[in-house]
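The values are calculated or read from the model by the stated rules, or taken from the named source; none is laboratory data. Values in this document were obtained by computation on a predicted structure and should not be read as measured data. Neighbour counts run over all protein chains shown; Cβ positions are idealised from the backbone, glycine included. Surface areas here come from the heavy atoms of the whole protein model, side chains and all, with no ligands, DNA or RNA. Shrake-Rupley method; radii C 1.70, N 1.55, O 1.52, S 1.80 Å.
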2 protein chains.
Amino acid sequence: MRETLADWRPAIDEAIADLVPREIDTDYLETFFGPPTYEYDPTGIECALSTPLWDLLDRGGKRWRAILFLVFIEGFGEDPAEYLPYACIPELLHNGTIIVDDIEDGATIRRGEPALHHVYGHDIALNVGNAMYFLPLKVITRNPAALPADRRLAAYEMLMDELNRTHLGQGMDICWHNDHDLQVSTDEYLEMCACKTGCLGRIVAQLAAIITDQPAAIEEAVATYAELTAVAFQIGDDILDVEHSLGRAGEFGKEFGNDIREGKRTLLVIHALEESDPERARRLQAILEADENTDDEITEALTILEETGSIEYARDCALELAADARAAIDGLAFDAETIRKLEEFTEFVIERDV
Amino acid sequence: MRETLADWRPAIDEAIADLVPREIDTDYLETFFGPPTYEYDPTGIECALSTPLWDLLDRGGKRWRAILFLVFIEGFGEDPAEYLPYACIPELLHNGTIIVDDIEDGATIRRGEPALHHVYGHDIALNVGNAMYFLPLKVITRNPAALPADRRLAAYEMLMDELNRTHLGQGMDICWHNDHDLQVSTDEYLEMCACKTGCLGRIVAQLAAIITDQPAAIEEAVATYAELTAVAFQIGDDILDVEHSLGRAGEFGKEFGNDIREGKRTLLVIHALEESDPERARRLQAILEADENTDDEITEALTILEETGSIEYARDCALELAADARAAIDGLAFDAETIRKLEEFTEFVIERDV
């Protein structure tokens, strides 16, 4: 096993470049996509597909979905180097959702540079984002060719289940954003996270289990681990937004309280609306529903979250999810090194400060 | 077999409503998408998924992909009524691409009403369009449960191949739109059509062949028929745009020559650039490259297409493709009624005037 998890990053990027080379030629197109009926235009496909895709990947990203996949593969006693093309599947799916989400949210910045639709236009960005939903799925048929038919089918059926629930989660989140009147329960919020973020985690874990032919109980255990870790990660994001905002509220000219400004129903907001006295709950609701807020109003909302104990509540909830994630894989026959790495992942999602 | 093809439309819409009911409840969500980890929000999912989906479907559409699928099923000696859920697959995929294309093109109108992203916002529209890429693919696993594993795998692998090439075709088309300097050959244009439009046709035909377990040669024959018919249909679209524009150029206040205004590389344009004298070719190129054109310039470009014989050339090309499409299924053991219906399809795509 490589010394640290991040050491896998160059090999992952090489594997992605095998799937989508930076420079597109006819040979690649015919090999990967099949022979054309007439004649491909490699220049057009390079400008529409690989240039924007590599622009996004070259900006950074930790490739942690691919790395987590390789940790599972090694945990299952296989050589990760042989499964690199599969590691690209969740990674490309994830980066595809980033491009699409940025268009949906009207985001302007991604990884420190203009969002892809601002660089290439909505048409190119959306098409490459969607292409990244299907391109990696061809790996299942192509690499390695020795994967038995029943494993290929299991992989496709799992992917269809999870990619469907991803869109349910995204749909719920958007709907709650747009209609601020809706009451969202804690369980509905956790379900949104489980669908929107958790399903990509489940894909990472289940794909590793399916292609190494693990029993159903092991596949479900690692899926639960990855899903709960992803939900904890999402809650960690919500906490960070509030904590950074509380620290930054006095700083001149710095944007803060973005989630509040967007009217997002986070676990902290749901808790504060349920637990604070009626007057403060109404005030928080009013600030969330307003199209525009002053900095004072944002500070007021953040203070309500703080005073209601919503930050501690959310952190406890995330810690509990991380503990549940570890418990899910407790009975599995992983070696000590794999267990250590999987625990590292659950700690990272709670304790990171960026 | 039903009297006319259009008679299938209500049954197709009923089958779609079984997959995505107009009103979403928890029972449906648990049955179709699987049990939640926590708790679904049916109201949110209805507003994000089924409301916009049915808004688009209720505006019209001929459902001809679903109908063509049923013609094939009957031609293969099976009862179409038993395969209605499968007929929804290409239909929902097609309507999903419509929503996504409208966002990519910045379209304002769809089927006589505001495009979906103008009604529901980019976020809801894009999410439902993308959900429609995955939702119908669950049918392969769910209905009818009796479909053997090797047929399910063959269907998924075929779908991944074709949905990948769809995005290549769309990418080439967008790239040519954006970079007017590019030289596009006739074969590259036909490939773009074969990928962008033809692949959905291939899905219709191959899905019917795969799930009724036809030999590979028959699957390929009907795929070729459907692909060539779709390419002929696309060329028919290009011809109609020019013919309507020539007829409409004198009418006050009517938009005409939309393809020229958008700088689209159609088969007519490619032919005219290759066949007209250098001066007129340069003039046509300049009009296509300009960001804005006067009505006189549009009329000038249309006249160049007309005088170069590009309309006849494109029509001959479409007729040849339709003949090739019919030839592809010539040796198959279809009954006379199926042959008549399939020939009707190839005639419709050439002779329609809307």
Completion exercise
Binned at 20 Å starting from 0, the alpha-carbon pair-distance distribution of the protein assembly as shown in whole percents comes out as 17, 49, 29, 5, 0
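For chain B, state the semi-axes of the equivalent ellipsoid (square roots of 5 times the eigenvalues of the alpha-carbon gyration tensor), sorted largest first and rounded to whole angstrom.
On the way: eigenvalues 272, 134, 59 Å².
Semi-axes (√(5λ), whole Å): 37, 26, 17.
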Practice task
Measure up B:K62/B:K138; B:K62/B:K196; A:K196/B:K62; A:K138/B:K341; A:K138/B:K62; B:K138/B:K341 against 25 Å on the Cα-Cα distance and list the ones that go over.
Solution key: A:K196/B:K62; A:K138/B:K341; A:K138/B:K62; B:K138/B:K341
Handout entry: Qualifying chymotrypsin sites (Phe, Trp or Tyr not before Pro) in region A:147-251, DSSP loop, other Cβ atoms within 10 Å at most 11
Key = none
Problem - Accessible area expressed per residue, region B:1-146, with surrounding protein chains retained (probe 1.4 Å, Å²) - result: 36 Å²
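Mind listing which trypsin sites (Lys or Arg not before Pro) in region A:1-100 are in a DSSP loop and have 14 or fewer other Cβ atoms within 10 Å? Write out the running numbers ahead of the final one.
Numbers: sites: A:R2, A:R22, A:R59, A:K62, A:R63, A:R65; in loops: A:R2, A:R22, A:R59, A:K62, A:R63.
Passing sites in region A:1-100 are A:R2, A:R22, A:R59, A:K62.
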Practice task
Please average, across the residues of A:102-110, the number of beta carbons from any other chain that are within 10 Å of each residue's own beta carbon, and give a whole number.
Solution key: 2
Fill in the blank from the handout: Note to self, chain A gives a 222 nm [θ] from helices alone (DSSP H runs n ≥ 4, -39500 (n - 2.57) apiece, / all residues, nearest 500) of -22000 deg cm²/dmol
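How much area per residue is accessible in region A:148-354 when the probe is 1.4 Å and only protein heavy atoms are counted (Å²)?
Working: 8340 Å² over 207 residues.
Averaged over the residues of region A:148-354, the accessible area is 40 Å².
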Practice task
Report, to the nearest whole %, how much of the accessible area of region A:273-339 belongs to carbon and sulfur atoms, 1.4 Å probe, protein only.
Solution key: 46 percent
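In peptide B:48-56, how many Cβ atoms from other protein chains are near each Cβ within 10 Å, on average? Before the final figure, lay out each step's value.
On the way: counts 11, 5, 1, 1, 1, 0, 0, 0, 0.
What the average comes to for B:48-56 is 2.
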Fill in the blank from the handout: Convex hull around the C-alpha positions of region A:164-220: the volume in Å³ per residue is 70 Å³
Practice task
Calculate one ³J(HN,Hα) per residue across region A:82-89 by plugging θ = phi - 60° into the Karplus curve 6.51 cos²θ - 1.76 cosθ + 1.60, and present them in order as whole Hz with x for glycine and proline.
Solution key: 7, 10, 4, x, 5, 4, 6, 4
Exercise for the section: Working from Cα positions, state the angle (0 to 90°, nearest 10) between the long axis of helix B:64-75 and the longest principal axis of chain B. Expected result: 60 degrees
Practice task
Give, in whole angstrom and from largest to smallest, the semi-axes √(5λ) of the equivalent ellipsoid of region B:1-146, with λ running over the eigenvalues of the Cα gyration tensor.
Solution key: 26, 21, 12
Problem - Cleavage-rule hits, GluC sites (Glu not before Pro), region B:1-85, DSSP coil, Cβ neighbours within 10 Å at most 12 - result: B:E3, B:E23
Exercise for the section: Report the accessible surface area buried between chains B and A, summing both sides, using a 1.4 Å probe on protein heavy atoms only, in Å² rounded to the nearest 100. Expected result: 5600 Å²
Fill in the blank from the handout: Note, B:E188: beta-carbon cut-off 10 Å, +1 each Lys/Arg, -1 each Asp/Glu, net -3
Completion exercise
Once phi for every residue in region B:158-175 is put through the Karplus expression 6.51 cos²θ - 1.76 cosθ + 1.60 (θ = phi - 60°), the whole-Hz ³J(HN,Hα) values, with Gly and Pro written as x, are 4, 4, 5, 4, 6, 5, 5, 5, 4, 6, 5, x, 4, x, 4, 4, 4, 4
Handout entry: In Hz, Karplus ³J(HN,Hα) per residue of region B:230-238 (6.51, -1.76, 1.60; θ = phi - 60°; x = Gly, Pro)
Key = 5, 5, 4, 4, 4, 5, x, 4, 4
Completion exercise
Given backbone amide H placed at 1.01 Å from N, residues whose amide H is under 5 Å from that of A:R110, ignoring those fewer than 5 places away on the same chain, are A:A115
Exercise for the section: Treat each spin label as a single point 7 Å out from the Cα along the C-beta direction, and report the A:E343 to B:D213 distance in nm. Expected result: 5.3 nm
Exercise for the section: Mind ranking A:D291, A:D316, B:D238 by accessible surface for me, highest first, 1.4 Å probe? Expected result: A:D291, A:D316, B:D238
Fill in the blank from the handout: So, over other residues within a Cβ distance under 11 Å of A:W176, counting Lys, Arg +1 and Asp, Glu -1, the net charge is -4
Practice task
Taking all pairs of distinct Cα atoms, average 1/r, flip it, and tell me the Kirkwood hydrodynamic radius of region B:218-352 in Å to one decimal place.
Solution key: 16.2 Å
Handout entry: Summed side-chain charge close to B:D324 - residues other than B:D324 whose Cβ falls under 11 Å, Lys, Arg +1, Asp, Glu -1
Key = -2
Problem - With DNA, RNA and ligands ignored, accessible area of B:D102 (1.4 Å probe; Å², nearest 10) - result: 10 Å²
